[in-house]
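The values are calculated or read from the model by the stated rules, or taken from the named source; none is laboratory data. Owing to the predicted nature of the structure, the values given are computational and were not obtained by experimental measurement. Glycine gets a Cβ as well: all are built from the backbone with ideal geometry, and neighbour counts include every protein chain shown.
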Amino acid sequence: MSEVKDRPAQGGFEASLARLEEVVRRLESGDVPLEEALRLFEEGVTLARTCSERLNDAEKKIEVLIEREDGSFGLRPFSDSAAEADKPSGADREPR
């Protein structure tokens, strides 16, 4: 009997990623009949989208602790820190 699941792994990101890795391994083995391979491929696409959405949601929630010019600390959204990482060192600081 087939081990193919009809829906993505239930649970968290880790469960979905583990199932996606299993699907990829089975497809790469080449020992899967065509119909099953198609079902696995569809499941893999769904799992990849689910994982991507969960990562995007997590990124939106992340805040990065930063040190301000006055020595105090504050929070800023993760997306701002990614843009800051592209700037040359000290480019975001105001002259003293």
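For beta carbons closer than 7 Å, sequence separation of 6+ or different chains, a first residue in region 34-49 that is under 16 Å from Ser16 (Cβ atoms) and in contact (Cβ under 8 Å) with a residue 60 or more places away in the chain and a second that is among the hydrophobic types (A, V, I, L, M, F, W, C) and surrounded by 16 or more Cβ atoms within 10 Å (Cβ to Cβ), there are no qualifying pairs. Only one of the numbered conditions (1) at pLDDT 90 or above; (2) in a helix (DSSP H, G or I); (3) surrounded by 12 or more Cβ atoms within 10 Å (Cβ to Cβ); (4) of a type outside the set (Ser, Thr, Tyr) is violated by Glu14, and that is (3). Selection of region 39-58 for residues being modelled with pLDDT of 95 or more and hydrophobic (A, V, I, L, M, F, W, C) yields Leu40, Phe41, Val45, Leu47, Ala48, Cys51.
Per the conditions (1) over 29 Å from Pro77 (Cβ atoms); (2) at pLDDT below 95; (3) surrounded by 13 or more Cβ atoms within 10 Å (Cβ to Cβ), the sole criterion not satisfied by Glu3 is (3). If you filter region 40-54 down to residues that are in contact with a helix residue (DSSP H, G or I) (Cβ under 7 Å, 6 or more places away or on another chain) and not aromatic (Phe, Trp, Tyr), you find that the one that is farthest from Gly12 (Cα to Cα) is Leu40.
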